[in-house]
Amino acid sequence: MSSQQPIGRRSVGQRLAEAASEIRAGSVRLVVGGVVSLALILICWQLLITVSQVSDFIAKGPRDVYTYLVTDPVAPRYREEMFSALLETLGHAGIGFAAGGLAAVLCALMLLWYPTAELSVMPFALTIRTVPIIAMTPVIALVFGRGLLGVTVVAGIVTFLPTLVNVTAGLRSASKTSLDVLHAYGAGRLTVLRKVQLPSAMPALFASARLAAPAAVSGALLAEFLVTGNGIGTLMLTTISTSDYIRLWSAVFVVTTASVVLYAIVAGLESQALRRYAPGHGRQVH
């Protein structure tokens, strides 16, 4: 027995080392992918300004933004203002993203267990998303107020429908053979959900989250434009009225970078979660 224990310990150590190596490799891929995405954005941005030949007074390129945020003598004050507003917007977006995603998952479970409810839930959800969110935002502000709740509702609506549709399809894509086996052994509804249906739905859930995270930021920005009077959305709005275009372009760059980072974070969580809880559905993040 004693001669076998080191072998067992080595095998566990090897598995841990392999897992750590996979995590490092996935992190490197995500960082490289994010850097490449930002580089492409900067290149396209500069090319668009060059080709369109818009006035230098209005159009600001990556070099101008770099000067504004990094090398300008008062750049620290600009950065503090910009990132303080960004953190407020990300807080709004995060709450809306979580609320919309949770509501979508709960509705998807209801549709899974009570299929007839789809006749009333889906038309309502589609109606909400058919109306442009910019047209609904003032009404939402009247109903829910101009504070955090109103912003949460706007960002949540942007998140809700795509998550609902994808998660519902994912839950229903569970292997019929696996479901039959569990039912044959008398497994309850929650056991079936935990063992089969949730693992099957996880790829769809994370695919929705990757798209919904940047969309929630856009929803929060829109609410800040029209409703709250704070956050980076309001900062961008005031720069238009004062013709402070370098400040506007810098804010756009900061928000775009934040959206790319959010996408990469969700993709990284997706890779690790699928590897652990749904290995048959794992994906490589490039």
Note down the magnitude of the dipole of the range 75-277 about its Cα centre, charges +1 on Lys and Arg C-beta and -1 on Asp and Glu C-beta and zero elsewhere, to the nearest 20 debye. 580 debye
What is the mean projected area of the alpha carbon convex hull for the range 122-174, to one decimal in square nanometres? 3.9 nm²
Of Arg29, Arg276, Arg194, Arg172, ordered by accessible area with the largest first and a 1.4 Å probe, the sequence is Arg276, Arg194, Arg172, Arg29
Per-residue HN-Hα couplings for the range 140-154 [Karplus 6.51, -1.76, 1.60; θ = phi - 60°; Hz; x = Gly/Pro]: 4, 5, 5, 7, 9, x, 9, x, 4, 4, x, 5, 4, 5, 4
Explain nothing, just compute: Karplus ³J(HN,Hα) = 6.51 cos²θ - 1.76 cosθ + 1.60, θ = phi - 60°, for every residue of the range 214-222 in order, whole Hz, x for Gly and Pro. x, 5, 5, 4, 5, x, 5, 4, 4
The answer for the range 75-277, accessible area per residue at 1.4 Å probe in Å², is 49 Å²
The range 242-251 - phi-based ³J(HN,Hα) in whole Hz, Karplus 6.51/-1.76/1.60, Gly and Pro as x: 9, 6, 8, 6, 5, 5, 5, 5, 5, 5
Per the Kirkwood treatment, what hydrodynamic radius in Å, one decimal, follows for the range 75-277 from the mean inverse distance over all distinct Cα pairs? 18.4 Å
Carbon and sulfur %, accessible surface of the chain computed with the full protein complex present, 1.4 Å: 69 percent
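The values are calculated or read from the model by the stated rules, or taken from the named source; none is laboratory data. Computed from a predicted model, the values in this text were never measured in an experiment. Cβ atoms come from the backbone with ideal geometry, glycine included; neighbour counts cover every protein chain shown. Ligands, DNA and RNA are stripped out before the accessible areas are found, and what is left, the full protein with its side chains, is counted by its heavy atoms. Shrake-Rupley method; radii C 1.70, N 1.55, O 1.52, S 1.80 Å.
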